[in-house]
Amino acid sequence: MMKLETILDLMKRLKLFITTAFLIYFMLIPLPAFAMHVMEGFLPIGWCVLWYAVSLPFIVYGLRAIKKIVSDKPSLKMLLGLSGAFIFVLSALKIPSVTGSCSHPTGVGLGAILFGPTAMTVMGSIVLVFQALLLAHGGITTLGANVLSMAIAGPFVAYATYRLCRSINLPQWMGVFLAATLGDLCTYTVTAIEMALAFPATDGGFTVSAVKFLSIFAVTQVPLAVCEGLLTVIVFNVLSTYSVEELQELSLFSNKGCN
Amino acid sequence: MLCKNVILLFLCITIAVTPLLIHTKASFTGTDDQAVDAVKEIKADYVPWMRPLWTPPSSEVASLIFALQAAAGMGFIGYYIGYKRAMRQKTFKDSTSEHANKHD
(Lines give C-alpha, C1' and ligand atoms only; values in the text may rest on other atoms or scores of the structure.)
Protein backbone atom coordinates (compact mmCIF):
# COMPACT_ATOMS: atom_id res chain seq x y z
CA MET A 1 0.00 0.00 0.00
CA MET A 2 2.79 2.31 0.97
CA LYS A 3 4.51 1.52 -2.25
CA LEU A 4 1.46 2.46 -4.34
CA GLU A 5 1.29 5.83 -2.61
CA THR A 6 4.91 6.51 -3.35
CA ILE A 7 4.36 5.68 -6.98
CA LEU A 8 1.32 7.94 -7.17
CA ASP A 9 3.27 10.73 -5.51
CA LEU A 10 6.11 10.20 -7.91
CA MET A 11 3.76 10.34 -10.86
CA LYS A 12 2.31 13.58 -9.59
CA ARG A 13 5.77 15.06 -9.34
CA LEU A 14 6.63 13.80 -12.76
CA LYS A 15 3.48 15.35 -14.20
CA LEU A 16 4.32 18.65 -12.57
CA PHE A 17 7.85 18.44 -13.91
CA ILE A 18 6.70 17.73 -17.47
CA THR A 19 4.13 20.52 -17.38
CA THR A 20 6.71 22.99 -16.10
CA ALA A 21 9.23 21.84 -18.67
CA PHE A 22 6.73 22.36 -21.46
CA LEU A 23 5.71 25.73 -20.08
CA ILE A 24 9.32 26.88 -19.95
CA TYR A 25 9.90 25.46 -23.39
CA PHE A 26 7.03 27.38 -24.89
CA MET A 27 7.72 30.53 -22.94
CA LEU A 28 11.24 30.58 -24.30
CA ILE A 29 9.72 30.44 -27.76
CA PRO A 30 6.81 32.81 -27.37
CA LEU A 31 6.37 33.56 -31.04
CA PRO A 32 6.01 31.29 -34.01
CA ALA A 33 9.04 31.32 -36.28
CA PHE A 34 9.96 29.62 -39.56
CA ALA A 35 13.28 28.08 -40.63
CA MET A 36 14.88 28.01 -44.01
CA HIS A 37 16.43 24.91 -42.85
CA VAL A 38 19.46 24.77 -40.72
CA MET A 39 18.90 21.33 -39.17
CA GLU A 40 17.88 20.88 -35.54
CA GLY A 41 20.88 20.89 -33.23
CA PHE A 42 23.31 21.85 -35.98
CA LEU A 43 24.14 25.29 -34.70
CA PRO A 44 26.17 25.74 -31.52
CA ILE A 45 24.00 27.26 -28.79
CA GLY A 46 25.63 30.70 -28.94
CA TRP A 47 24.68 31.11 -32.59
CA CYS A 48 21.13 29.88 -31.91
CA VAL A 49 20.70 32.57 -29.27
CA LEU A 50 22.24 35.25 -31.47
CA TRP A 51 19.97 34.52 -34.44
CA TYR A 52 16.92 34.40 -32.19
CA ALA A 53 17.88 37.80 -30.83
CA VAL A 54 18.32 39.21 -34.34
CA SER A 55 15.02 37.78 -35.60
CA LEU A 56 12.74 38.62 -32.69
CA PRO A 57 12.40 42.38 -33.33
CA PHE A 58 11.39 41.67 -36.94
CA ILE A 59 8.68 39.26 -35.81
CA VAL A 60 7.33 41.78 -33.30
CA TYR A 61 7.34 44.49 -35.95
CA GLY A 62 5.74 42.10 -38.43
CA LEU A 63 2.92 41.23 -36.03
CA ARG A 64 2.23 44.94 -35.68
CA ALA A 65 2.26 45.37 -39.45
CA ILE A 66 -0.25 42.53 -39.86
CA LYS A 67 -2.46 43.93 -37.10
CA LYS A 68 -2.43 47.26 -38.90
CA ILE A 69 -3.38 45.69 -42.24
CA VAL A 70 -6.21 43.69 -40.69
CA SER A 71 -7.64 46.66 -38.77
CA ASP A 72 -7.09 49.40 -41.38
CA LYS A 73 -7.97 47.46 -44.50
CA PRO A 74 -10.13 44.43 -43.62
CA SER A 75 -10.79 43.87 -47.31
CA LEU A 76 -7.17 42.78 -47.67
CA LYS A 77 -7.46 39.95 -45.14
CA MET A 78 -8.17 37.35 -47.80
CA LEU A 79 -5.21 38.46 -49.88
CA LEU A 80 -2.99 38.25 -46.80
CA GLY A 81 -4.26 34.71 -46.32
CA LEU A 82 -3.44 33.96 -49.93
CA SER A 83 0.16 35.09 -49.56
CA GLY A 84 0.45 32.83 -46.51
CA ALA A 85 -1.10 29.92 -48.40
CA PHE A 86 1.37 30.49 -51.23
CA ILE A 87 4.27 30.01 -48.79
CA PHE A 88 2.62 26.81 -47.54
CA VAL A 89 2.35 25.40 -51.03
CA LEU A 90 5.78 26.38 -52.31
CA SER A 91 7.68 25.25 -49.24
CA ALA A 92 6.06 21.83 -49.56
CA LEU A 93 7.28 21.38 -53.12
CA LYS A 94 10.58 19.54 -53.13
CA ILE A 95 11.86 20.05 -56.63
CA PRO A 96 14.83 18.22 -58.19
CA SER A 97 17.71 20.43 -59.24
CA VAL A 98 20.60 20.23 -61.70
CA THR A 99 23.05 19.35 -58.91
CA GLY A 100 21.31 16.01 -58.47
CA SER A 101 19.70 16.91 -55.16
CA CYS A 102 16.37 18.37 -54.10
CA SER A 103 15.32 21.54 -52.38
CA HIS A 104 12.22 23.66 -52.19
CA PRO A 105 11.26 27.25 -52.97
CA THR A 106 10.20 29.62 -50.19
CA GLY A 107 7.22 31.55 -51.57
CA VAL A 108 7.83 34.65 -49.47
CA GLY A 109 8.41 36.95 -52.45
CA LEU A 110 4.73 37.33 -53.37
CA GLY A 111 3.67 38.50 -49.92
CA ALA A 112 6.68 40.76 -49.56
CA ILE A 113 5.73 42.57 -52.77
CA LEU A 114 2.09 42.85 -51.68
CA PHE A 115 2.34 43.60 -47.97
CA GLY A 116 5.95 44.52 -47.28
CA PRO A 117 8.71 42.34 -45.86
CA THR A 118 7.91 42.23 -42.14
CA ALA A 119 4.39 40.86 -42.63
CA MET A 120 6.04 37.94 -44.40
CA THR A 121 8.42 37.46 -41.47
CA VAL A 122 5.40 36.34 -39.45
CA MET A 123 3.89 34.21 -42.23
CA GLY A 124 7.22 32.56 -42.96
CA SER A 125 7.78 31.90 -39.28
CA ILE A 126 4.48 30.02 -39.03
CA VAL A 127 5.46 27.68 -41.84
CA LEU A 128 8.91 27.18 -40.29
CA VAL A 129 7.39 26.15 -36.97
CA PHE A 130 5.02 23.78 -38.74
CA GLN A 131 7.86 22.11 -40.61
CA ALA A 132 10.14 22.01 -37.57
CA LEU A 133 7.53 20.33 -35.36
CA LEU A 134 5.82 17.99 -37.80
CA LEU A 135 8.42 17.25 -40.41
CA ALA A 136 11.71 17.44 -38.48
CA HIS A 137 12.64 19.89 -41.22
CA GLY A 138 14.64 22.77 -39.80
CA GLY A 139 14.36 22.93 -36.03
CA ILE A 140 13.25 24.79 -32.94
CA THR A 141 16.76 25.60 -31.73
CA THR A 142 17.75 26.75 -35.21
CA LEU A 143 14.50 28.61 -35.73
CA GLY A 144 16.08 32.02 -35.21
CA ALA A 145 18.67 31.32 -37.91
CA ASN A 146 16.04 30.00 -40.27
CA VAL A 147 13.69 32.92 -39.68
CA LEU A 148 16.55 35.28 -40.46
CA SER A 149 17.30 33.62 -43.78
CA MET A 150 13.85 32.69 -45.07
CA ALA A 151 11.51 35.11 -43.37
CA ILE A 152 13.69 38.22 -43.04
CA ALA A 153 16.50 38.25 -45.62
CA GLY A 154 14.36 36.73 -48.39
CA PRO A 155 11.37 39.08 -48.07
CA PHE A 156 13.55 42.17 -47.63
CA VAL A 157 15.59 41.39 -50.73
CA ALA A 158 12.41 40.60 -52.68
CA TYR A 159 10.78 43.84 -51.56
CA ALA A 160 13.84 45.95 -52.33
CA THR A 161 14.26 44.30 -55.73
CA TYR A 162 10.65 44.94 -56.66
CA ARG A 163 10.84 48.59 -55.61
CA LEU A 164 14.08 49.06 -57.52
CA CYS A 165 12.68 47.45 -60.67
CA ARG A 166 9.61 49.65 -60.53
CA SER A 167 11.65 52.79 -59.95
CA ILE A 168 13.66 52.16 -63.11
CA ASN A 169 10.41 51.44 -64.98
CA LEU A 170 10.90 47.77 -65.70
CA PRO A 171 7.61 46.05 -66.53
CA GLN A 172 5.69 44.82 -63.49
CA TRP A 173 5.99 41.14 -64.37
CA MET A 174 9.75 41.46 -64.58
CA GLY A 175 9.88 43.19 -61.21
CA VAL A 176 7.79 40.39 -59.68
CA PHE A 177 9.93 37.71 -61.30
CA LEU A 178 13.27 39.21 -60.24
CA ALA A 179 12.00 39.96 -56.73
CA ALA A 180 10.83 36.40 -56.10
CA THR A 181 13.90 34.83 -57.70
CA LEU A 182 16.47 36.95 -55.89
CA GLY A 183 14.57 36.69 -52.60
CA ASP A 184 14.68 32.91 -52.87
CA LEU A 185 18.38 32.86 -53.72
CA CYS A 186 19.18 35.23 -50.89
CA THR A 187 17.44 32.95 -48.40
CA TYR A 188 19.73 30.09 -49.20
CA THR A 189 22.83 32.27 -49.39
CA VAL A 190 22.13 33.49 -45.89
CA THR A 191 21.61 29.91 -44.69
CA ALA A 192 25.01 28.99 -46.13
CA ILE A 193 26.65 31.98 -44.45
CA GLU A 194 25.07 31.08 -41.12
CA MET A 195 26.45 27.54 -41.40
CA ALA A 196 29.88 28.81 -42.44
CA LEU A 197 30.04 31.23 -39.50
CA ALA A 198 29.25 28.42 -37.10
CA PHE A 199 31.57 25.94 -38.80
CA PRO A 200 34.64 27.71 -40.17
CA ALA A 201 37.01 25.23 -41.81
CA THR A 202 40.17 24.49 -39.81
CA ASP A 203 42.07 25.11 -43.00
CA GLY A 204 41.02 28.39 -44.59
CA GLY A 205 38.34 29.41 -42.06
CA PHE A 206 35.08 31.11 -42.92
CA THR A 207 35.70 31.57 -46.66
CA VAL A 208 36.39 27.91 -47.41
CA SER A 209 33.35 26.85 -45.40
CA ALA A 210 31.19 29.49 -47.00
CA VAL A 211 32.10 28.26 -50.47
CA LYS A 212 31.36 24.71 -49.40
CA PHE A 213 27.94 25.45 -47.93
CA LEU A 214 27.09 27.83 -50.76
CA SER A 215 27.81 25.08 -53.25
CA ILE A 216 25.30 22.87 -51.42
CA PHE A 217 22.52 25.35 -50.76
CA ALA A 218 22.75 28.16 -53.27
CA VAL A 219 23.74 26.33 -56.45
CA THR A 220 20.97 23.76 -56.05
CA GLN A 221 18.68 26.68 -55.49
CA VAL A 222 19.32 28.58 -58.74
CA PRO A 223 16.84 26.65 -60.94
CA LEU A 224 14.36 26.48 -58.07
CA ALA A 225 14.61 30.23 -57.62
CA VAL A 226 13.73 30.66 -61.29
CA CYS A 227 10.76 28.30 -60.76
CA GLU A 228 9.65 30.37 -57.80
CA GLY A 229 9.94 33.52 -59.90
CA LEU A 230 7.76 31.99 -62.61
CA LEU A 231 5.14 30.69 -60.17
CA THR A 232 4.98 34.07 -58.46
CA VAL A 233 4.39 35.78 -61.81
CA ILE A 234 1.59 33.27 -62.52
CA VAL A 235 -0.18 34.11 -59.26
CA PHE A 236 0.41 37.81 -59.81
CA ASN A 237 -1.19 37.54 -63.26
CA VAL A 238 -4.23 35.90 -61.71
CA LEU A 239 -4.40 38.60 -59.04
CA SER A 240 -4.16 41.39 -61.57
CA THR A 241 -7.21 39.95 -63.31
CA TYR A 242 -9.40 39.12 -60.32
CA SER A 243 -8.12 41.30 -57.49
CA VAL A 244 -7.73 44.66 -59.19
CA GLU A 245 -9.33 46.55 -56.29
CA GLU A 246 -7.03 45.04 -53.70
CA LEU A 247 -3.95 45.73 -55.77
CA GLN A 248 -5.13 49.30 -56.25
CA GLU A 249 -5.61 49.61 -52.52
CA LEU A 250 -2.04 48.45 -52.04
CA SER A 251 -1.05 50.98 -54.73
CA LEU A 252 0.60 48.25 -56.79
CA PHE A 253 -1.60 48.96 -59.69
CA SER A 254 -1.72 52.28 -61.38
CA ASN A 255 -3.46 52.09 -64.73
CA LYS A 256 -3.85 48.69 -66.31
CA GLY A 257 -2.64 45.06 -66.48
CA CYS A 258 0.62 43.79 -65.10
CA ASN A 259 1.93 42.67 -68.44
CA MET B 1 -3.68 35.79 -69.05
CA LEU B 2 -4.49 32.08 -69.22
CA CYS B 3 -2.27 31.54 -72.24
CA LYS B 4 0.66 33.37 -70.64
CA ASN B 5 0.25 31.42 -67.42
CA VAL B 6 0.18 28.09 -69.23
CA ILE B 7 3.46 28.96 -70.94
CA LEU B 8 5.01 30.01 -67.62
CA LEU B 9 3.81 26.82 -65.94
CA PHE B 10 5.23 24.75 -68.78
CA LEU B 11 8.62 26.49 -68.39
CA CYS B 12 8.48 25.77 -64.68
CA ILE B 13 7.80 22.07 -65.23
CA THR B 14 10.64 21.91 -67.75
CA ILE B 15 13.07 23.32 -65.20
CA ALA B 16 11.95 20.74 -62.65
CA VAL B 17 12.02 17.75 -64.98
CA THR B 18 15.27 18.43 -66.85
CA PRO B 19 17.52 17.46 -63.90
CA LEU B 20 15.76 14.10 -63.72
CA LEU B 21 16.63 13.47 -67.36
CA ILE B 22 20.23 14.67 -67.06
CA HIS B 23 21.18 12.84 -63.86
CA THR B 24 19.71 9.42 -64.28
CA LYS B 25 21.86 8.02 -61.49
CA ALA B 26 21.77 10.84 -58.92
CA SER B 27 20.10 10.21 -55.58
CA PHE B 28 18.14 13.50 -55.39
CA THR B 29 18.42 13.72 -51.62
CA GLY B 30 17.60 16.92 -49.75
CA THR B 31 20.19 19.68 -49.33
CA ASP B 32 19.78 19.40 -45.56
CA ASP B 33 21.29 15.92 -45.58
CA GLN B 34 24.24 17.11 -47.65
CA ALA B 35 24.82 19.97 -45.23
CA VAL B 36 25.00 17.43 -42.41
CA ASP B 37 27.76 15.61 -44.29
CA ALA B 38 29.60 18.88 -44.89
CA VAL B 39 29.51 19.69 -41.18
CA LYS B 40 30.95 16.24 -40.42
CA GLU B 41 33.76 16.90 -42.88
CA ILE B 42 34.64 20.28 -41.36
CA LYS B 43 34.21 19.32 -37.72
CA ALA B 44 34.16 15.56 -37.37
CA ASP B 45 33.55 15.61 -33.60
CA TYR B 46 30.48 17.84 -33.73
CA VAL B 47 27.54 16.25 -31.97
CA PRO B 48 24.13 17.86 -32.57
CA TRP B 49 23.01 19.00 -29.12
CA MET B 50 19.32 18.80 -29.86
CA ARG B 51 17.25 16.28 -31.74
CA PRO B 52 13.97 17.05 -33.48
CA LEU B 53 11.12 16.63 -30.99
CA TRP B 54 9.31 14.35 -33.36
CA THR B 55 10.43 12.81 -36.61
CA PRO B 56 8.01 11.30 -39.10
CA PRO B 57 8.40 7.52 -38.68
CA SER B 58 8.87 6.94 -42.40
CA SER B 59 9.28 8.84 -45.64
CA GLU B 60 5.69 7.88 -46.47
CA VAL B 61 4.40 9.63 -43.36
CA ALA B 62 6.62 12.63 -44.14
CA SER B 63 5.25 12.82 -47.66
CA LEU B 64 1.73 12.61 -46.23
CA ILE B 65 2.41 15.68 -44.11
CA PHE B 66 4.03 17.50 -47.02
CA ALA B 67 1.01 16.66 -49.16
CA LEU B 68 -1.34 17.96 -46.46
CA GLN B 69 0.67 21.16 -46.24
CA ALA B 70 0.46 21.72 -49.99
CA ALA B 71 -3.21 20.72 -50.09
CA ALA B 72 -4.13 23.16 -47.32
CA GLY B 73 -2.34 25.96 -49.13
CA MET B 74 -3.79 25.11 -52.53
CA GLY B 75 -7.25 24.71 -51.03
CA PHE B 76 -7.17 28.28 -49.83
CA ILE B 77 -5.71 29.60 -53.08
CA GLY B 78 -8.41 27.80 -55.08
CA TYR B 79 -11.12 29.14 -52.79
CA TYR B 80 -9.75 32.67 -53.11
CA ILE B 81 -9.58 32.63 -56.90
CA GLY B 82 -13.03 31.02 -57.22
CA TYR B 83 -14.53 33.56 -54.83
CA LYS B 84 -12.94 36.50 -56.61
CA ARG B 85 -13.99 35.23 -60.02
CA ALA B 86 -17.60 34.74 -58.94
CA MET B 87 -17.67 38.19 -57.31
CA ARG B 88 -16.36 39.79 -60.45
CA GLN B 89 -18.95 38.05 -62.61
CA LYS B 90 -21.66 39.07 -60.18
CA THR B 91 -20.72 42.75 -60.23
CA PHE B 92 -20.43 42.57 -63.98
CA LYS B 93 -23.90 41.03 -64.24
CA ASP B 94 -25.37 43.58 -61.80
CA SER B 95 -23.93 46.50 -63.71
CA THR B 96 -25.20 45.19 -67.06
CA SER B 97 -28.70 44.54 -65.71
CA GLU B 98 -28.75 48.05 -64.20
CA HIS B 99 -27.76 49.35 -67.56
CA ALA B 100 -30.58 47.37 -69.18
CA ASN B 101 -33.09 48.68 -66.63
CA LYS B 102 -32.15 52.25 -67.46
CA HIS B 103 -33.04 51.58 -71.03
CA ASP B 104 -36.52 50.28 -70.14
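Just one residue in the set B:55, B:18, B:24 is in a loop (DSSP other than H, G, I, E, B) and surrounded by 14 or more Cβ atoms within 10 Å (Cβ to Cβ); that residue is B:55.
Yes or no, residue by residue, for (1) surrounded by fewer than 22 Cβ atoms within 10 Å (Cβ to Cβ); (2) part of a helix (DSSP H, G or I); (3) modelled with pLDDT of 95 or more; (4) not β-branched (Val, Ile, Thr):
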site: A:130; (1), (2), (3), (4): yes, yes, no, yes
site: A:146; (1), (2), (3), (4): no, yes, no, yes
site: A:152; (1), (2), (3), (4): no, yes, yes, no
site: A:223; (1), (2), (3), (4): yes, yes, no, yes
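Scanning the stretch B:88-104 for residues that are more than 8 Å from chain A (Cβ to nearest Cβ) and closer than 19 Å to residue A:240 by Cα yields a total of 4. The residues in the stretch A:33-77 that are in a helix (DSSP H, G or I), over 28 Å from residue B:53 (Cα atoms) and in contact (Cβ under 8 Å) with a residue 60 or more places away in the chain can be counted, and the count is 3. Annotation note: Cβ proximity below 7 Å between a residue of the stretch B:8-29 that is under 10 Å from residue A:96 (Cβ atoms) and a residue that is surrounded by fewer than 16 Cβ atoms within 10 Å (Cβ to Cβ) (sequence gap 6+ or interchain) occurs for no pair.
One line per residue, one yes/no per condition, for (1) of a type in the set (A, V, I, L, M); (2) farther than 29 Å from residue A:71 by Cα:
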| position | (1), (2) |
| --- | --- |
| A:121 | no, no |
| A:128 | yes, no |
| A:133 | yes, yes |
| A:150 | yes, no |
| A:161 | no, no |
| A:165 | no, yes |
| A:173 | no, yes |
| A:178 | yes, yes |
| A:187 | no, yes |
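Among residues of the stretch B:33-73 being β-branched (Val, Ile, Thr) and within 9 Å of another protein chain (Cβ to nearest Cβ), the one that is nearest to the chain's Cα centre (by Cα) is B:65.
Condition check: closer than 21 Å to residue A:232 by Cβ, surrounded by 14 or more Cβ atoms within 10 Å (Cβ to Cβ) and more than 7 Å from chain A (Cβ to nearest Cβ). Does residue B:79 satisfy that? Yes; evaluated as a whole, the condition is true for this residue. Of the candidates A:187, A:142, the single residue that is under 30 Å from residue B:5 (Cα atoms), of a type in the set (Ser, Thr, Tyr) and either touching a residue at least 60 places away in the same chain (Cβ under 8 Å) or more than 13 Å from chain B (Cβ to nearest Cβ) (or both) is A:187.
If you filter the stretch A:154-174 down to residues that are away from chain B (no Cβ under 12 Å) and in contact (Cβ under 8 Å) with a residue 60 or more places away in the chain, you find that the one that is surrounded by the fewest Cβ atoms within 10 Å (Cβ to Cβ) is A:171.
Against the test of being at pLDDT 95 or above, in a helix (DSSP H, G or I) and of a type in the set (A, V, I, L, M), the options A:182, A:134 yield a single qualifying residue, A:182.
The values are calculated or read from the model by the stated rules, or taken from the named source; none is laboratory data. Quick caveat: nothing in here was measured; it's all calculated off a predicted structure. So basically every Cβ, Gly included, is an ideal-geometry build from the backbone, and we count neighbours across all protein chains shown.
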